[in-house]
Structures are given as C-alpha cells and as structure tokens.
Amino acid sequence: MAILNILEFPDPRLRTVAKPVESVDDDLRRLIDDMFETMYAAPGIGLAATQVNVHQRLVVMDLSEDKSEPRVFINPEFEPLTAELGPYQEGCLSVPGFYENVERPLQVRIRALDRDGQPFELVAEGLLAVCIQHECDHLNGKLFVDYLSTLKRDRIRKKLEKQHRQHG
C-alpha cells in the first residue's frame, strides 16, 4: 500500500469531473487500499479519488473513531429525501486547516457499488449524509469552499497559496 499525494485547493485538477468506474478489478481495489491508507494518515474521514488525482467516481470513508468501519462507494449517486437543510461544519483534506458551516440536505438515499462491485443502497443522515454529499461534490469538480461567500473563498485561497509558496 502507498500514501498518495492529496491535491490542495486551488489546484485546478480538483475541478475535473470524474468518470464512472468501468470495472471493479484488482487495480481498483489496490487504489481503494491506497486511498484508505492516505485518508487515515492525513487524518480524515472521507476521500474522493479526485483528491488524489485519479478521475474516477470512487469514494472511501470511515466515520468511526478506531478505523473499524471502512466504507467504499463506487459510482455513488445520492438523492435528498428531505427539503430540510441543516448546517454542518465541514473541513476537507484538500483545504487543510479550514472549517466552515455548509447547508446540505439532512437525509439522503445513496446508491453505489461496494468494493466487490455489488450494488447497494442506504439511507443516510447526520455526518454520513454530509460526508457522502461532500465527497460526491469532489467527483463533480466541486469543493465545500464553493458554498461560501466569494470573500471567504478568496481569503482561504490566498492563505493556501501563501502556504504552498512557503513550503513549495
């Protein structure tokens, strides 16, 4: 397994729309394992393939405290089950060090394939619902900062660009 490089905002590759996964094979499972290792090392609770510069519709996630609930979503799709929106403080491995409230539907239905290519469906609320929406946004070239005011987004972009220059 390997720890992959996580792209950081404002890297333009984060705006790439991911393509559907064509086949669930050993190469994809190796990528899934590398993404889990990368996410745990970061540390984070969710990672979309787009964030590691692989433009396929793949998300890994583990909301547990002890890394005991790894979840894989291949070609995930979700639909809101309620019009009710709720604020949730979101952060992102591609926008390190920044946390902002984002309003999202509180309950969603998720359809995806698992690690073995088997279809599954689940109803999510709370952190799981927020996380799947956040990660699916990545697959569509969207970041949580896109929900913020232009002023806040520009401030975050400038701070990260400065950090990249200092550590680049």
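Can you work out which of the residues in the stretch 93-106 that are in contact with a Gly (Cβ under 9 Å, 6 or more places away or on another chain) and more than 13 Å from H134 (Cβ to Cβ) is least open to solvent (accessible area, probe 1.4 Å)? Filtering first and then ranking leaves F98.
Within the stretch 123-137, residues that are within 18 Å of V54 (Cβ to Cβ) sit with their Cβ atoms under 8 Å from residues that are assigned to a helix (DSSP H, G or I), at 6+ positions apart or across chains, in these pairs: H134/F144; D137/F144; D137/D146. Applying the criterion of being free of Cβ contacts under 8 Å to residues at least 60 places away in the same chain, more than 15 Å from L128 (Cα to Cα) and in contact with a Lys or Arg (Cβ under 8 Å, 6 or more places away or on another chain) to the residues of the stretch 55-83, the residue that is surrounded by the most Cβ atoms within 10 Å (Cβ to Cβ) is I74. Do the conditions hold for E90, that is, is it in contact (Cβ under 8 Å) with a residue 12 or more places away in the chain and open to solvent by less than 20 Å² (accessible area, probe 1.4 Å)? Considered against the rule, which asks whether it is in contact (Cβ under 8 Å) with a residue 12 or more places away in the chain and open to solvent by less than 20 Å² (accessible area, probe 1.4 Å), E90 comes out as yes.
Return a yes/no flag: does the stretch 21-35 have any residue that is over 15 Å from V60 (Cα atoms), open to solvent by 60 Å² or more (accessible area, probe 1.4 Å) and hydroxyl-bearing (S, T, Y). There is at least one residue in the stretch 21-35 that is over 15 Å from V60 (Cα atoms), open to solvent by 60 Å² or more (accessible area, probe 1.4 Å) and hydroxyl-bearing (S, T, Y).
Within the option set I156, I74, being closer than 28 Å to D25 by Cα and among the hydrophobic types (A, V, I, L, M, F, W, C) holds for one residue only, I74. Tell me, please, whether a residue that is part of a loop (DSSP other than H, G, I, E, B), free of Cβ contacts under 8 Å to residues at least 12 places away in the same chain and out of contact with any Lys or Arg (no Cβ under 9 Å at 6 or more places or on another chain) can be found in the stretch 25-32. Yes, that holds for at least one residue. Can you say whether R153 is surrounded by 13 or more Cβ atoms within 10 Å (Cβ to Cβ) and in a helix (DSSP H, G or I), as far as the supplied structure shows? Criteria met by R153.
If you go through the stretch 40-47 one residue at a time, do you hit one that is hydrophobic (A, V, I, L, M, F, W, C) and either at pLDDT below 95 or surrounded by fewer than 12 Cβ atoms within 10 Å (Cβ to Cβ) (or both)? Yes - at least one qualifying residue is present in the stretch 40-47. For L106, the test of being at pLDDT 95 or above and either of a type in the set (F, W, Y) or in contact with a strand residue (DSSP E or B) (Cβ under 8 Å, 6 or more places away or on another chain) (or both) is failed. For the stretch 96-143, what are the residues that are within 17 Å of V17 (Cβ to Cβ) and part of a helix (DSSP H, G or I)? Q133, H134, E135, C136, D137, H138, L139 - these are the residues of the stretch 96-143 that are within 17 Å of V17 (Cβ to Cβ) and part of a helix (DSSP H, G or I). In the stretch 45-84, the residue that is nearest to L139 (Cα to Cα) out of those that are hydrophobic (A, V, I, L, M, F, W, C) and not in a strand (DSSP E or B) is A49.
The values are calculated or read from the model by the stated rules, or taken from the named source; none is laboratory data. For clarity, every value in this text was computed on a predicted model and none was experimentally measured. All Cβ positions, even for glycine, are placed from backbone atoms using ideal geometry, and neighbour counts span all protein chains on display. Accessible surface is based on the protein model in full, side chains and every heavy atom, while ligands, DNA and RNA are left aside. Shrake-Rupley method; radii C 1.70, N 1.55, O 1.52, S 1.80 Å.
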